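First comes the structure, then the notes that go with it.
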Amino acid sequence: MNRSTRMRRAVAVAVAGVLVAGLGAVPAAADTAAPLLQVPPMGWNAWNTYGCNATQALIESVADSMAANGMRDAGYRYVNVDDCWMTRDANGHLTGNSNYPDLKGLGDYLHARGFKFGIYESPGAKTCAGYSGIAGHETDDANTFASWGVDYLKYDYCESASSLSGQAADFARMRSALQATGRPIVLSINPNSGNNTGAGVVRAWGDVSDQARSTEDIGNQWWSQSWPNGIANIVSENATLAWRAGPGSFNDADMLEIGNGGLSTTEERTHFAMWAMMASPLIASANPASVNATSLALLKNPRLIAIDQDSLGLQGRVVAGSRLVNSSGSLVLAKPLSNGDVAFALYNGSDSAQTLSTSLAAVGVPGTGTWTDQYNGAVVQSGAASVATQVPAHGTAVYRVTTPGAPASWYTSFVAATAGAHDYEAEDPARSIVAGRWTTNSGAVFSACSVCSGGEKVGWIGGTNKLHLNGIYARNAGTYPVTVQYVNGGGDRYATTWTNGDNPQKVSFHGNGDWNSTQTTTVQLALKAGYNTVSFGNEYGGWAPDIDKISVPATG
């Protein structure tokens, strides 16, 4: 066994141990089975370009175009029908409507051309577009899908959920029905539709799905203060969720808008590179018969695809960065690759160029390496320990670094589970999500704070504006006294706290009349074994205090 082989095996073993710890909520039966998805799926979906106007004939022509333009051979194998295809016959069995006269025939058509067949449904009585949902028909519909040769089910939660546990039960019911058919059918869920805004980020969904949409719907734009999301909105949220990602539990950042005309060339490059670094499914949506040559070349970029499809199946972690407001700042992501290489992304979310840098030392890797630009394959530095480059507004530089002898432990040191006491900064770009961008003040915000422990805080929390802190670890499940350090120079204020989207409680925060000092209060939080999300909001009118950090005691 040579050193390269030993290194690949060591990385896989070390990382696997971390992933098991991070997926503590997965039932024992799922722990022992090989994940259905070892790497994120690649394919195409009809919705963003065609909506309800897609037909069976169109889907077949798309497959032919993908075979002709090289997308199929680049890895785009799932061809997915979205909403509006379905009705029920007189016996209540699911069937295609007049636009989809022969779904078994469609599956055969796709399979004969080297593709896999994806379809769409919803757990409720109606889909998001108002067509026949699955409610009460899980077993029958799963068997129908299997008989058609379906390989992938996009399962969109379109109604209001009474609770996250209720949502999870609906997803689990369908997953069990699919598994009982004996056909391997990927279950790709979206828990964010209907009135369930934010459900994708406050709970890990790997126990009830193969991949889960982490955010609301994507839009053909860079940034948005209203639905749908822009690229930067999704990056700011999904980049914090690496702790829960891996084979069998991918974070789906939603479809690719590349080639749809709403993004600049620089923004399209960032879009594709960051989806690859975040191990997101790569599901194209542009018409493959007419996509422009620049966008098509990006979609087929073999170096970026290799990062997304790396056999370790890991999501790049934020190792540096700063976000003073939602749509600006910068992030550095690092991702381990199966041959021992390290991929780095230097993301500039701001509206002006920035000089960004990173180093092997930033991830605990000694020595030097060869830095290769992943857009064009050019070696930019050889025998270097670091890189610095000017990144344009909304741009991302991406490098693959080959460095002999990289230790297998570098990635696990960022996700390593520790039962000791730990502080979590509210502004930590590797963990923090500020939600509520659709409000007039752009949602909860990061701001400078000279008296705060990390030099920043998160304020404007209340109404739809929330703060979510991800990756909060507990070795043992239990209720723990968590200290919240905050700033409140006004009168007494209230906040709501949740753990993993459940267990809401009302907490009072004393106001001391001084916005240049911090205070603390203790909250009893129920944490599950493994990783948790702790959220703050205000459901009682007015604003919550500004949050500096939380301190979790030992959980061993």
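Note on the chain: dipole from Cβ charges, positive end direction compared against MET86, TYR486, ALA343; the farthest Cα belongs to ALA343. Measuring between alpha carbons in the structure, the pairs from LYS116/LYS300; LYS154/LYS300; LYS104/LYS300; LYS335/LYS457 lying more than 26 angstrom apart are LYS104/LYS300; LYS335/LYS457. The 3J(HN,Hα) values that the Karplus relation (6.51, -1.76, 1.60; θ = phi - 60°) gives for the stretch 231-240 are, in residue order, 4, 5, 4, 5, 4, 5, 9, 5, 5, 8 Hz. Gly and Pro appear as x.
Could you state the accessible area per residue of the chain in Å², with a 1.4 Å probe and every protein chain left in place? Intermediate values should be presented prior to the final figure.
On the way: 19290 Å² over 556 residues.
Ligands and nucleic acids excluded, the result is 35 Å² per residue.
The share of accessible area on the stretch 450-556 that comes from carbon and sulfur is 47 percent, using a 1.4 angstrom probe. Highest mean packing first, where packing is the average number of other Cβ atoms within 10 Å per residue, the peptides 240-248, 424-432 line up as 240-248, 424-432.
Taking the alpha-carbon centroid of each part, what is the distance from the stretch 76-135 to the stretch 511-537 in angstrom? Value for the Cα centre distance between the two parts: 46 Å. Give me, ordered by chain and number, the residues 5 or more places off TYR157 or on other chains with an amide H under 5 Å from its own placed amide H. For TYR157, the qualifying residues are ASN190, ASN192, SER193. Derived scalar couplings between HN and Hα for the stretch 355-364 equal 8, 10, 9, 7, 8, 5, 4, 4, 10, x Hz in order, rounded to whole Hz, by the Karplus curve 6.51 cos²θ - 1.76 cosθ + 1.60 (θ = phi - 60°), x for Gly and Pro.
Evaluate the Kirkwood expression for the hydrodynamic radius of the stretch 277-335, namely the inverse of the mean inverse distance over all pairs of different C-alpha atoms, and round to one decimal in Å.
Numbers: mean 1/r = 0.0731 Å⁻¹.
Over the stretch 277-335, the inverse of the mean reciprocal pair distance is 13.7 Å.
Per DSSP helix of 4 or more residues, -39500 (n - 2.57); summed, then divided by the residues of the chain. What does that give at 222 nm, rounded to the nearest 500? Please report the intermediate quantities before stating the final value.
Numbers: 14 runs with 130 residues, N = 556.
Per the formula, -6500 deg cm²/dmol.
Given R0 = 25 Å, the distance between the Cβ atoms of SER322 and LYS126 translates into a calculated FRET efficiency of 0.05. Residues of the stretch 504-520 with the amide nitrogen closer than 20 Å to a label point 7 Å from the Cα of SER165, along Cα-to-Cβ, please. What the label zone holds, given the 20 Å backbone N cut-off, is 504-506. Using C-alpha pairs under 8 Å with a sequence gap of at least 6, the mean separation divided by the residue count of the stretch 472-516 gives a relative contact order of 39 percent. On a C-alpha basis, how far is the centre of the stretch 372-400 from the centre of the stretch 185-254 in Å? Whole number, if you could? When both Cα centres are located, 28 Å separates them. Residues whose amide H falls under 5 Å from that of ASN538, counting only those 5 or more places apart or on a different chain, are GLY462, GLY463, THR496, with hydrogens built in the peptide plane. Placing +1 on the Cβ of every Lys and Arg and -1 on the Cβ of every Asp and Glu, with nothing else charged, gives the chain a dipole about its Cα centre of roughly 1260 debye.
Between THR483 and ASP502, the simple spin-label model (points 7 angstrom out along Cα→Cβ) gives 3.0 nm. Between LEU153, SER122, GLY136, the Cα set farthest toward the positive side of the dipole of the stretch 111-156 (charges on each charged residue's Cβ, about the Cα centre) is that of LEU153.
Here the gap between THR402 and GLN390, fully extended at 0.36 nm per residue and compared with their Cα-Cα distance, gives a gain of 2.1 nm. Counting 0.36 nm for each residue step from ALA526 to SER453 and taking away their Cα separation leaves a gain of 23.8 nm. Between the entries (i) -0.50, -1.26; (ii) -0.39, -1.19; (iii) -0.56, -1.12, the label attached to log10 I(q)/I(0) by the Debye sum over Cα atoms at q = 0.07, 0.12 Å⁻¹ calculated for this structure is (ii). Work out the FRET efficiency for ALA353 and ALA293 from their Cβ-Cβ distance, taking R0 = 25 Å, and round it to the nearest 0.05. Taking R0 as 25 Å, the efficiency between ALA353 and ALA293 is 0.45. For the pair GLU539 and THR95, the difference between a 0.36 nm per residue extended length and the Cα-Cα distance amounts to 155.5 nm.
If R₀ is 51 angstrom, what is the calculated FRET efficiency for the pair THR87 and ASN476, using the beta carbon separation as r and rounding to 0.05?
Working: r = 50 Å, r/R0 = 0.98.
Given R0 = 51 Å and the Cβ-Cβ separation, E is 0.55.
By the Cβ distance rule (another cysteine Cβ under 4.7 Å), the chain contains no unpaired cysteine.
The values are calculated or read from the model by the stated rules, or taken from the named source; none is laboratory data. Model, not experiment: these values are computed from the prediction. Neighbour counts are summed over all protein chains in view; Cβ atoms, including those assigned to glycine, are modelled from backbone coordinates with ideal geometry. Note: areas computed on protein heavy atoms with side chains; ligands, DNA, RNA excluded. Shrake-Rupley method; radii C 1.70, N 1.55, O 1.52, S 1.80 Å.
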